[in-house]
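Q: Attaching a single structure in structure tokens format; questions to follow.
The values are calculated or read from the model by the stated rules, or taken from the named source; none is laboratory data. A quick note: this is a predicted structure, and the numbers were derived from the prediction, not measured. Heads up, the Cβs are rebuilt from the backbone with ideal geometry, glycines too, and the neighbour counts pull from every protein chain shown. These area figures cover heavy atoms from the full protein model, side chains too; ligands, DNA and RNA do not enter into them. Shrake-Rupley method; radii C 1.70, N 1.55, O 1.52, S 1.80 Å.
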Amino acid sequence: MFENIIHQEVVKDLSVDIVNHKLPQSILFYGPSGSGKLTCALELARILSCTAELKGSWNCNCTSCRSHKSLSSNVVLLCGPGDRGLEIKAAKNNLLYQACNNSRHLEAARYLYIRAVRKLTARFNNVLWEGNSVFSEIISFINDINEQLELILPGVQLPEVTDLQGILDIIEKKSDQLEQKYLYDSLPVNQVRNISSWAHLSAEGEKKIVIIQNADCMADAARNALLKTLEEPPRDTMFILTTKKRGAILPTILSRVRTYQFGQRNPEQVKEVITRIFHYIPPMDQKIPDTVEKFLYCYLPVKPEQVQKLAVKFFISIAEGHIPDISETLKVCQNFEPRILFKIFLQGIIEAQHVLVHSAGGCFASEKVLQLIQKCNNNVFIVNQNPAASLEELARNLMLVNKTNSMIFRQVLNQEN
């Protein structure tokens, strides 16, 4: 079991609970970004649905396992926010490389790519979007993506590399448009209610699996709706929640799930994960990144270092008493698409203001700054405010904190000088 989840001791606990039939209906996977939580959740769904006598092997070829490996099973609902575009780009690069070299890893690269795309398209399942007026627009994107995927599915002879490149380019373009235009930054309450309705429908003896990624990213209404479902879950439905922040999950929800902790892999383990999954070979003058997150950042349209420099410039402008040039920031950061660029920008501000903690007055101001940054983050990723308006509000509030604390942000300037 869980052969594809490497350097995570938690899979041993999961395996024991499966074998002993002690796995509860509602569980929570928590741990740092890139620790394999979603992959493990999908693998757990496959294992529980496997119809073979000896469940668990990735090489199982039963009908159920084949559908789960290609993420086309109709008994799994995958939802929740998540940045999928970078993984699709990384998997595309891997598939093209393996195809060019006719590598023995080609079939694995094909599965990796298809799964990367369907981790996105699965979030637009008609069950989840029932009653949403924009779903008719979404269907057009899904159909275009599926039409291209049909040309590279397992069992189909791959096209020549040039044609394959064209197919993957179309999928990438459509996937980017789908994600940027329609994928939510916090799970909508209507989808939680649709999940509950679906879970209560008869599945003719099959176990249904609901996977909610980043379960901490919900407004209060969605959290309360989920809590009601978890209080009395349907007998044949299992709920798997994932989060990077266990403390951000409602205590009442935590009390209804069993938690499994995923650890932080060390740099050498991360390099093995990246090499084994993506077969990544870095350029001559570079090393393999020491986190999965940094590896995926290689596929961002703007380098993280450039975004962080803009964040420092933003904060220094405020420290000098000037209004930051937000229009320039938006232009260079391509309007923060994908949204992960906005998270990197906010992290840059956090790092820029860190010198404030070197004095008593600075500690107080730093606390206020962190609160405002958290509010800015929530405005974009939960309230769905646009980044421009959110940054304008953040700039005004930071200037007020600076002014009411005797222009204490000068400490940042002194540190720079």
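Q: Give region 65-101 a look and list any residue that's open to solvent by 30 Å² or more (accessible area, probe 1.4 Å) and either of a type in the set (Phe, Trp, Tyr) or touching a Pro at 6+ places or on another chain (Cβ under 7 Å) (or both), or say none.
A: Passing the criteria: 83, 97.
Q: If you don't mind, there's one more thing I want to ask. Among the residues of region 247-278, count how many are open to solvent by 40 Å² or more (accessible area, probe 1.4 Å) and either in a loop (DSSP other than H, G, I, E, B) or in contact (Cβ under 8 Å) with a residue 60 or more places away in the chain (or both).
A: Number of matching residues: 12.
Q: State all residues of region 155-196 that are open to solvent by 40 Å² or more (accessible area, probe 1.4 Å), of a type in the set (A, V, I, L, M, F, W, C) and touching a residue at least 12 places away in the same chain (Cβ under 8 Å); if no residue qualifies, say none.
A: Answer for region 155-196, where residues must be open to solvent by 40 Å² or more (accessible area, probe 1.4 Å), of a type in the set (A, V, I, L, M, F, W, C) and touching a residue at least 12 places away in the same chain (Cβ under 8 Å): 161, 170.
Q: Taking residue 316 as meeting all but one of (1) in contact with a Cys (Cβ under 7 Å, 6 or more places away or on another chain); (2) surrounded by fewer than 20 Cβ atoms within 10 Å (Cβ to Cβ), write down the number of the exception.
A: (1)
Q: Kindly indicate whether residue 104 is open to solvent by less than 60 Å² (accessible area, probe 1.4 Å) and basic (Lys, Arg).
A: No, not satisfied.
Q: So, residue 33, is that one over 20 Å from residue 109 (Cα atoms), in a helix (DSSP H, G or I) and not charged (D, E, K, R) or not?
A: no
Q: Can you confirm whether region 27-42 contains a residue that is among the charged types (D, E, K, R), open to solvent by 10 Å² or more (accessible area, probe 1.4 Å) and closer than 15 Å to residue 239 by Cα?
A: Checking region 27-42: at least one residue is among the charged types (D, E, K, R), open to solvent by 10 Å² or more (accessible area, probe 1.4 Å) and closer than 15 Å to residue 239 by Cα.
Q: Okay, next question. Which of the residues belonging to region 104-161 are outside any helix (DSSP H, G or I) and under 15 Å from residue 67 (Cα atoms)?
A: 150, 153, 154, 155
Q: If you don't mind, another one. Looking at residue 229, is it out of contact with any strand residue (DSSP E or B) (no Cβ under 7 Å at 6 or more places or on another chain), assigned to a helix (DSSP H, G or I) and over 27 Å from residue 115 (Cα atoms)?
A: Answer is yes for this residue.
Q: On to the next question. Residues that are charged (D, E, K, R) and open to solvent by 50 Å² or more (accessible area, probe 1.4 Å): find the helices (runs of 4 or more DSSP H) completely inside region 324-417 holding 3 or more of those.
A: Passing ranges, in order: 360-381, 387-404.
Q: How many of the residues making up region 73-103 are under 19 Å from the mean Cα position of the chain (by Cα) and part of a loop (DSSP other than H, G, I, E, B)?
A: Here the count works out to 5.
Q: Suppose we keep only residues that are in a helix (DSSP H, G or I) and open to solvent by less than 30 Å² (accessible area, probe 1.4 Å) within region 2-14. Which one would you say is farthest from residue 57 (Cα to Cα)?
A: 10
Q: Just name the residue that is least open to solvent (accessible area, probe 1.4 Å) out of those in region 279-305 that are assigned to a helix (DSSP H, G or I) and either among the charged types (D, E, K, R) or without any contact (Cβ under 8 Å) to a residue 60 or more places away in the chain (or both).
A: So, considering only residues that are assigned to a helix (DSSP H, G or I) and either among the charged types (D, E, K, R) or without any contact (Cβ under 8 Å) to a residue 60 or more places away in the chain (or both), the one least open to solvent (accessible area, probe 1.4 Å) is 304.
Q: Filter region 165-205 down to residues that are outside any helix (DSSP H, G or I) and of a type in the set (D, E, K, R) and give me whichever is modelled with the highest pLDDT. Talk me through it step by step, then tell me what you get.
A: So the first thing to find is which residues in region 165-205 are outside any helix (DSSP H, G or I), and the list is 183-188, 200-205.
When the remaining residues are screened for being of a type in the set (D, E, K, R), the result is 185, 204.
Working: 185: 84, 204: 65.
Selected residue: 185.
Q: In region 258-283, how many residues are among the hydroxyl-bearing types (Ser, Thr, Tyr) and under 24 Å from residue 30 (Cβ atoms)?
A: 2
Q: Every residue in region 243-268 that is in contact with a Leu (Cβ under 9 Å, 6 or more places away or on another chain) and within 19 Å of residue 189 (Cβ to Cβ), please.
A: Once the filter is applied, which keeps residues that are in contact with a Leu (Cβ under 9 Å, 6 or more places away or on another chain) and within 19 Å of residue 189 (Cβ to Cβ), region 243-268 yields 243, 249, 250, 252, 253, 256.
Q: Could you tell me which of the residues 134, 127 is of a type in the set (A, V, I, L, M, F, W, C), within 20 Å of residue 42 (Cα to Cα) and in contact with a Phe, Trp or Tyr (Cβ under 7 Å, 6 or more places away or on another chain)?
A: 127
Q: I'm trying to understand the selection: among the residues of region 107-146, which are in contact (Cβ under 8 Å) with a residue 60 or more places away in the chain, closer than 20 Å to residue 190 by Cβ and open to solvent by 20 Å² or more (accessible area, probe 1.4 Å)?
A: Those that are in contact (Cβ under 8 Å) with a residue 60 or more places away in the chain, closer than 20 Å to residue 190 by Cβ and open to solvent by 20 Å² or more (accessible area, probe 1.4 Å): 127, 130, 131.
Q: Here's another thing I want to ask about it. Before we move on, is residue 42 more than 30 Å from residue 341 (Cα to Cα), part of a helix (DSSP H, G or I) and touching a strand residue (DSSP E or B) at 6+ places or on another chain (Cβ under 8 Å)? Walk me through how you get there before you give the answer.
A: Details: more than 30 Å from residue 341 (Cα to Cα): no; part of a helix (DSSP H, G or I): yes; touching a strand residue (DSSP E or B) at 6+ places or on another chain (Cβ under 8 Å): yes.
For residue 42, the condition - more than 30 Å from residue 341 (Cα to Cα), part of a helix (DSSP H, G or I) and touching a strand residue (DSSP E or B) at 6+ places or on another chain (Cβ under 8 Å) - is not met.
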